[in-house]
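For reference, the structure discussed in these notes is given below.
The values are calculated or read from the model by the stated rules, or taken from the named source; none is laboratory data. Predicted model, so just to flag it, every value in this text is computed and none were measured. Neighbour counts are summed over all protein chains in view; Cβ atoms, including those assigned to glycine, are modelled from backbone coordinates with ideal geometry.
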Amino acid sequence: MLKEIVKRIAAMFGLEWAILMAFIEVESGGKGFDPATGKIIIQFEPVWFRKKAPYAPSGKWSLNGVERQKQEWEAFNEVFNLNRSAAMESTSIGLGQIMGDHWKRLEYNSVGAMWDDAKLSLERQVWQIAKFIQTDSDLLIAIKARNWGEVATIYNGPKYKEVAVRYNRDPYNISMEKAFKKYTA
């Protein structure tokens, strides 16, 4: 089902479906919703929240990763009660783990509207990934050139290699290249 959605939306945006599938696999392992709770998959980013709202973090803020949804939601709910917009803008959501801070770029009227749309379905989450890619000419160029290091830097930040070492994972560029090859084989 997900592959059919991805193929349809990729065609709408003039993208290769394997690119969208690679982002989905690397960012969320193919899960847009937590099977245990039905809630959208999130990753709260404390560094971004601190930039937007001047609150001291609690211990819950130090954990993050889509594989720990209970802790992610606890941290998110804590900061949501302090500053709703800053909390949503500082959290990555769904299949593509797109940060709420990109709501304007994706042409939503508010960060809440972006979240509400992503909560509707996997289809809407795939649409958000495609729209995100389409609205970044540098990302499109890097994708077309198969410059996975540049793709990683643009989509996941310049410190993607450091994050990989911390979590004992392949760097983002390697993960993206492997996932892309998997879906083009």
* Given the conditions (1) more than 14 Å from the chain's Cα centre (by Cα); (2) under 30 Å from MET1 (Cβ atoms); (3) at pLDDT below 90, which single one is not true for PRO54? -> (2)
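Yes/no matrix, rows are residues, columns are (1) of a type outside the set (A, V, I, L, M); (2) over 18 Å from TRP148 (Cβ atoms):
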| position | (1), (2) |
| --- | --- |
| ILE9 | no, yes |
| LEU15 | no, no |
| ALA18 | no, no |
| SER28 | yes, yes |
| PHE33 | yes, yes |
* Asked: Out of the residues in region 1-38 that are among the β-branched types (Val, Ile, Thr) and under 12 Å from the mean Cα position of the chain (by Cα), which is nearest to PHE132 (Cα to Cα)?
  -> ILE24
* In region 133-152, what residues are buried (at least 16 other Cβ atoms within 10 Å of the Cβ) and either closer than 14 Å to GLU27 by Cα or aliphatic (A, V, I, L, M) (or both)? -> ILE133, LEU139, LEU140, ALA142, ILE143, VAL151, ALA152
